[in-house]
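Visitor: Can you keep this structure in mind? I'll have questions shortly.
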2 protein chains.
Amino acid sequence: MALEIKPSQALKLWRQVHLDLVQDAHSDLSVRQTAILLTIYLELPPHTVRGLASRLGVTKPVITRALDSMGKLGLVSRRRDETDKRNVVIQRTVAGALAVEHLADLVTARARELGPA
Amino acid sequence: MALEIKPSQALKLWRQVHLDLVQDAHSDLSVRQTAILLTIYLELPPHTVRGLASRLGVTKPVITRALDSMGKLGLVSRRRDETDKRNVVIQRTVAGALAVEHLADLVTARARELGPA
DNA sequence: CGATAATGATACGGCCCCGTAACGATCGGG
DNA sequence: CCCGATCGTTACGGGGCCGTATCATTATCG
């Protein structure tokens, strides 16, 4: 079930998708923001600031600021946890799901174009 | 010859490698810098500032600054073209080759761990 | 030789992100 | 009921990257 990929293929894939990302004006996410976004959309909810911070090995302000900027882009939203009002629950959005899906399409399309070497 | 990868696998791979990159203190390259680095190491030399700029669809100062910062990290080096002293030839370095190889290992290792879904 | 073009670097103002430290709000145990 | 612990946010100073405009150097062509 493992995905077999040669190092040279991995590099070509990584480069090509990064070229796409650089030229795509809409995707302006940093590496950290991308890691946060994908964690929110791939791992089971609920997601909290503290949980994401420890999951990524970064400080809490990093998460707060990333949620701020990604929130402005409509990729995520926040809501107070009513059972424990100290917590903030990070929620997915339609725009965020579309962005993630777009990334998936990009990677799969570029993988499909890879040669054997 | 094409690499078959499902969208869900692509996302898991992308997320896991990004998590690795975030937690690896040494790799602090932006998306643009990564695209530049991989282009230098995967495409045939010679590489020039102008060539990379048009290849990536960015302005020349972006390339100059990226070469400055990556040069400080020892990932690339620059040399004047003696036949046309207006040009600068970007050269690979041992450290840069190791960094690229490290990235390739990262991607291939994470791909190998992917499940079927 | 002189004017023009081309190349890469630099200056500038602006924006975003970082890490540390502190803060207000909320919860929970004694 | 209160005091400490926890949660997320904000303040602060610093640094990096951005795009535009401009610059010095070098090549080219009439």
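None of the figures in this text is laboratory data; all of them are computed from the coordinates on show. Just so it is clear, the model here is predicted, and its values are computed rather than measured. Ideal geometry is used to build each Cβ from the backbone, glycine not excepted, and the neighbour counts take in all protein chains shown.
Visitor: Would you list the helices (runs of 4 or more DSSP H) that sit entirely within the range B:1-91 and hold 3 or more residues that are more than 7 Å from every other protein chain (Cβ to nearest Cβ) and loosely packed, with under 15 Cβ neighbours inside 10 Å?
Guide: The qualifying helices (runs of 4 or more DSSP H) are B:60-72.
Visitor: Something else: Can you tell me how many residues within the range B:25-52 are more than 14 Å from the chain's Cα centre (by Cα), within 12 Å of DNA strand C (Cβ to nearest atom) and not hydroxyl-bearing (Ser, Thr, Tyr)?
Guide: 5
Visitor: Tell me whether the range B:28-45 contains one or more residues that are farther than 24 Å from A:Ala35 by Cα and among the small types (Gly, Ala, Ser).
Guide: no
Visitor: Taking the range A:43-66, which residues are touching a residue at least 40 places away in the same chain (Cβ under 8 Å) and under 26 Å from A:Val107 (Cα atoms)?
Guide: Matches in the range A:43-66: A:Pro45, A:His47.
Visitor: Here's a follow-up. Restricting the range A:106-117 to residues that are at the interface with another protein chain (Cβ under 7 Å from one of its Cβ atoms) and within 18 Å of the chain's Cα centre (by Cα), which is farthest from B:Ile5 (Cα to Cα)?
Guide: A:Val107
Visitor: So if I check each of B:Ala95, B:Ala10, which one is free of Cβ contacts under 8 Å to residues at least 24 places away in the same chain, within 20 Å of A:Leu106 (Cα to Cα) and not basic (Lys, Arg)? Full working, then the answer.
Guide: Working: B:Ala95 fails: within 20 Å of A:Leu106 (Cα to Cα).
On inspection, the qualifying residue turns out to be B:Ala10.
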